[in-house]
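**Q** Just dropping this structure here.
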Amino acid sequence: MFLIHCPYCGELRDEQEYRCAGEAFIQRPGLDCTDEQWGDYVFNRTNPKGKVIEQWAHSAGCRKLFVVERNNVTNEIYAVRTFESYKEQA
Amino acid sequence: MKYSWLEVFKAGFSGQKQWPAAWPEVSPKAAYDVVIVGGGGHGLATAYYLARDFPGTRVAVLEKGWIGGGNTGRNTTIVRSNYLWDEATNLYEHSMKLWEGLSKDLNFNVMFSQRGVYNLGHTLQDMRDIERRVNANMLNGVDAEVVSVAELKERIPILETGKQVRYPVMGASCQPRAGVARHDAVAWGFARAAAKHGVDIIQNCEVQALDIEAGRMKGLQTSRGYFKAERVGCVTAGHSSILAAMAGIRLPVTSHPLQAFVSEPMKPVLHTVVMSNAVHGYVSQSDKGDLVIGAGLDPYSGYSQRGSPHVIDHCASAMIELFPIFSRVRLNRQWGGIVDVCPDACPIISPIPQVKGLYFNCGWGTGGFKATPGSGHVFAHTIGQDQPHPLAAPFHINRFVTGALIDEHGAAAVAH
Ligand SMILES: Cc1cc2nc3c(=O)[nH]c(=O)nc-3n(C[C@H](O)[C@H](O)[C@H](O)COP(=O)(O)OP(=O)(O)OC[C@H]3O[C@@H](n4cnc5c(N)ncnc54)[C@H](O)[C@@H]3O)c2cc1C
Ligand SMILES: [Zn+2]
């Protein structure tokens, strides 16, 4: 069990208030892509062991989506960030 | 040695202390025809059927820890074949038939106990799904029946069938031939039988890199040196994506912890297996007497063989509502295993199109123990003949390109 700091509510809340929506920053291919590329986009995942970058929703709170950088072996949370903060960085 | 009552009798003269090791400690060879990565039940079964059905093939099983230390030794051992779709039913029923002769075939008592499995329904939709699945099962020649609340009350007296609970039971499906088996015995039985057919079982041997040249398997780099092998079968459950990354590919799976817990041993109180998708939990009683209770997946990816406490909390509450008599039972142990979940809740049993000689058997998620013999059998033939066994063909990895998924979420989700 762990606590997540919601960047919008500004509060440290129990994980059960949140919903994990899988790996973040998956790029949707163009409409002219092959079946292989489309299958890769829809189904394949990196599924790494260790550091994961995921999207989480504060579903029982503000319902906003943001990014959690987490270690999926220890459940240590490295960073909680808004999507905008990645754009600014890029 | 062939195990028999006579051997047990003879060993009695020396206080049952003269038993030889069930399989020998081997010194690894430098090259094999086929290397199986992962010494769980599926890997060991694959090796056994490969060595048995393709004599002369040099086979090794490489296991990073000890055999059966993964999900094979961590699961709640439910064996059933009442899936919805033809493809899945055929595969699991193939496995069920192998289970029925397994102890004899392996000359090892896997304690397969066909005590029946009940899947409870708590809503009208549950009951419609149950009826549909039971009908589909019967059409496929799989034993199945719809059971009313009155019958349930008679057959499982300790089950709460009253209306005063939050989610009253409305009925159930039952597969009488389903049941449980002894998980460790399955790993040991397959290991012993495989070793007898010449398979080298190499423990404490972690595969660290796959040696691939021009799209062909050449060998494996491990913590115990390099092995040459032109055919490699990866059967590593929750760690399949890690092995796939060594081949530069990605798989349609996500790894999650799945938890279970057992109570202190008790006198017999539950003679069958009861599962409920709706309230989320299932229970059986082991031959040792402990209640074996299975919970759900952590709702996010993870590789910690531990799991989140709120998941077992939720499951324990459901259990107490179903079986009020369990409310003062003390729990002994809790653990987690890492399961690799596929989008359609069906496995991948497949050659890998990008690499000649590389095969994957994974994606069994929360429910692969029941398939151990069948999975090993069809995977062995897929590798041995370098083409998918007919029962394995629908589980080719290409279905995630063509879209021909086999959606078993209804029959597979919580109900392992
Ligand atoms: C709590 C729980 C309850 C379950 N309940 C049921 C149930 O009731 N019924 C049912 O049918 N199924 C159940 N399952 C699912 C079932 O346990 C699995 O689907 C099945 O055991 C998978 O078998 P396997 O041999 O593929 O995997 P495993 O037994 O996990 O074997 C994989 C092996 O690969 C090894 N490995 C990994 N990486 C490497 C590497 N790099 N090099 C070498 N070796 C490596 C691991 O150490 C491991 O021993 C449950 C699972 C869990 C966790
Ligand atoms: Zn919030």
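**Q** Determine the relative contact order of chain B: mean sequence separation of Cα pairs under 8 Å and six or more apart, normalised by residue count, in whole percent.
**A** 22
**Q** May I ask you to find the residues of segment A:50-90 that are shielded by at least 20 Å² of accessible area once the whole protein assembly is considered instead of their isolated chain (probe 1.4 Å)?
**A** Flagged in segment A:50-90: A:Arg70, A:Asn72, A:Val73, A:Asn75.
**Q** Considering the options A:Ala57, A:Thr34, A:His5, tell which one lies farthest towards the positive end of the dipole of segment A:3-89, charges being +1 on Lys and Arg and -1 on Asp and Glu at the Cβ, about the Cα centre.
**A** Most positive-ward Cα: A:His5.
**Q** A further question follows. With a cut-off of 8 Å between alpha carbons and a minimum separation of six or more residues, what is the relative contact order of segment A:3-89 in percent?
**A** 28
**Q** Let me ask another. Write down Rg/Rh for segment A:40-90, rounded to two decimals, with Rg from the C-alpha atoms and Rh from the Kirkwood relation over Cα pairs.
**A** When Rh is taken as the Kirkwood radius, the ratio is 1.01.
**Q** Then there is this: Given H placed 1.01 Å from N in the peptide plane, which residues other than close sequence neighbours of B:Gly219 have an amide H under 5 Å from its amide H?
**A** B:Asp211, B:Ala229
**Q** In addition: For the protein assembly as shown, just run the numbers: alpha carbon Rg, then divide by 2.2 N^0.38 Å, N being how many residues it has.
**A** After normalising by residue count via 2.2 N^0.38 Å, the value is 1.00.
**Q** Moving on. Probe of 1.4 angstrom, ligands and nucleic acids ignored: what's the accessible area per residue over the protein assembly as shown, in square angstrom?
**A** 44
**Q** OK, next. For chain B, what is the calculated [θ] at 222 nm in deg cm²/dmol (nearest 500), taking -39500 (n - 2.57) for each run of four or more DSSP H residues and dividing by its residue count?
**A** That comes out to -8500 deg cm²/dmol.
**Q** Further, regarding this structure: Across segment B:195-337, what fraction of all alpha-carbon pairs, as a whole percent, falls in each successive 5 Å bin from zero upward?
**A** Taking all Cα pairs of segment B:195-337, the binned fractions are 2, 8, 14, 15, 12, 10, 10, 10, 9, 6, 2, 1, 0 percent.
**Q** Using the C-alpha atoms of chain A, what convex hull volume per residue, in cubic angstrom, is computed?
**A** Taking only Cα atoms, chain A has a hull volume of 117 Å³ per residue.
**Q** Let me know the Kirkwood hydrodynamic radius for segment B:127-263, please, with Cα pairs as the basis and the value in Å to one decimal.
**A** Taking every pair of different Cα atoms in segment B:127-263, averaging 1/r and inverting gives 20.4 Å.
**Q** Could you sort out which of B:Lys2/B:Lys218; B:Lys288/B:Lys370; B:Lys29/B:Lys370; A:Lys51/B:Lys29; B:Lys218/B:Lys370; B:Lys64/B:Lys97 sit more than 28 Å apart by Cα distance in this structure?
**A** Pairs exceeding the cut-off: B:Lys2/B:Lys218; B:Lys29/B:Lys370; A:Lys51/B:Lys29; B:Lys218/B:Lys370; B:Lys64/B:Lys97.
**Q** Sticking with this structure for a sec: Taking amide H atoms as placed 1.01 Å from N in the peptide plane, list the residues 5 or more away in sequence, or in a different chain, whose amide H sits under 5 Å from that of B:Gly65.
**A** B:Asn204, B:Cys205
**Q** Carbon-plus-sulfur fraction of the accessible area of segment A:3-89, 1.4 Å probe, in percent?
**A** Summing carbon and sulfur atoms, their accessible area is 49 percent of the total for segment A:3-89.
**Q** Given charges of +1 on the Cβ of Lys and Arg and -1 on the Cβ of Asp and Glu, with all other atoms neutral, how large is the dipole of the protein assembly as shown about its Cα centre, in debye to the nearest 20?
**A** Value, rounded to 20: 1180 debye.
**Q** Using a 1.4 Å probe on protein heavy atoms only, how many Å² of accessible area do A and B hide from each other, summed over both chains and rounded to 100?
**A** Using a 1.4 Å probe, the pair buries roughly 2000 Å².
**Q** Distance from the Cα centre of segment B:177-226 to that of segment B:1-48, in angstrom?
**A** Between the Cα centres of segment B:177-226 and segment B:1-48 lies a distance of 14 Å.
**Q** Please work out the FRET efficiency for the pair B:Leu6 and B:Val269, using the Cβ-Cβ distance as r and a Förster radius of 25 Å; give the result to the nearest 0.05.
**A** 0.10
**Q** In the full protein assembly as shown, how much of A:Lys51 is accessible to a 1.4 Å probe, in Å² to the nearest 10?
**A** 110
**Q** While we're here: For segment B:193-199, in order, what is each residue's ³J(HN,Hα) by Karplus, 6.51 cos²θ - 1.76 cosθ + 1.60 with θ = phi - 60°, in whole Hz (x at glycine and Pro)?
**A** 5, 5, 4, 4, 8, x, 6
**Q** Treating only the Cβ of Lys, Arg, Asp and Glu as charged (+1, +1, -1, -1), what charge dipole size does segment A:3-89 show about its Cα centre? Round to the nearest 20 debye.
**A** So the magnitude is around 200 debye.
**Q** Still on this model: For B:Lys228 and B:Lys356, compute 0.36 nm times the residue count separating them, minus their Cα-Cα distance, and round to one decimal in nm.
**A** Gain on extension, B:Lys228 to B:Lys356, equals 44.6 nm.
**Q** Using only C-alpha atoms and all pairs of different ones, pull out the Kirkwood radius for segment B:273-317 in Å with one decimal.
**A** For segment B:273-317, inverting the mean 1/r across all distinct Cα pairs yields 11.6 Å.
**Q** What is the ratio of the Cα radius of gyration of segment B:289-416 to 2.2 N^0.38 Å, with N the residue count, to two decimals?
**A** 1.29
**Q** What dipole magnitude, in Debye to the nearest 20, does chain B give about its Cα centre under +1 on Lys/Arg Cβ and -1 on Asp/Glu Cβ?
**A** 880
**Q** Taking the full set of protein chains and a 1.4 angstrom probe, give the accessible area of B:Met138 in square angstrom, rounded to the nearest 10.
**A** Roll a 1.4 Å probe over it and B:Met138 shows about 110 Å².
**Q** Now a separate question. Residues of segment B:235-278 with accessible area at least 10 Å² lower in the all-protein-chain context than alone (1.4 Å probe)?
**A** Residues passing the criterion (a loss of at least 10 Å², heavy atoms only) are B:His239, B:Ser241, B:Ile242, B:Arg250, B:Leu251, B:Pro252, B:Val253, B:Thr254.
**Q** Further question on the same structure: Sort out for me the Cα centre separation of segment B:227-243 from segment B:257-276, rounded to whole Å.
**A** 33
**Q** Follow-up. Along the three principal axes, how long is chain B when you take its alpha carbons, biggest first, rounded to the nearest angstrom?
**A** Projected onto the principal axes, the Cα atoms of chain B cover 66, 63, 40 Å.
**Q** Given the options B:Ser284, B:Ser148, B:Ser103, which has the most mean-square fluctuation in a GNM of chain B, springs set between C-alpha atoms less than 10 angstrom apart?
**A** Ranking B:Ser284, B:Ser148, B:Ser103 by mean-square fluctuation puts B:Ser148 first.
The values are calculated or read from the model by the stated rules, or taken from the named source; none is laboratory data. Given the structure is predicted, the values throughout are model-derived calculations rather than measurements. Positions of Cβ are generated from backbone atoms using ideal geometry, with glycine treated the same way; all protein chains shown enter the neighbour counts. Ligands, DNA and RNA are excluded from the accessible area calculation, which covers all protein heavy atoms including side chains. Shrake-Rupley method; radii C 1.70, N 1.55, O 1.52, S 1.80 Å.
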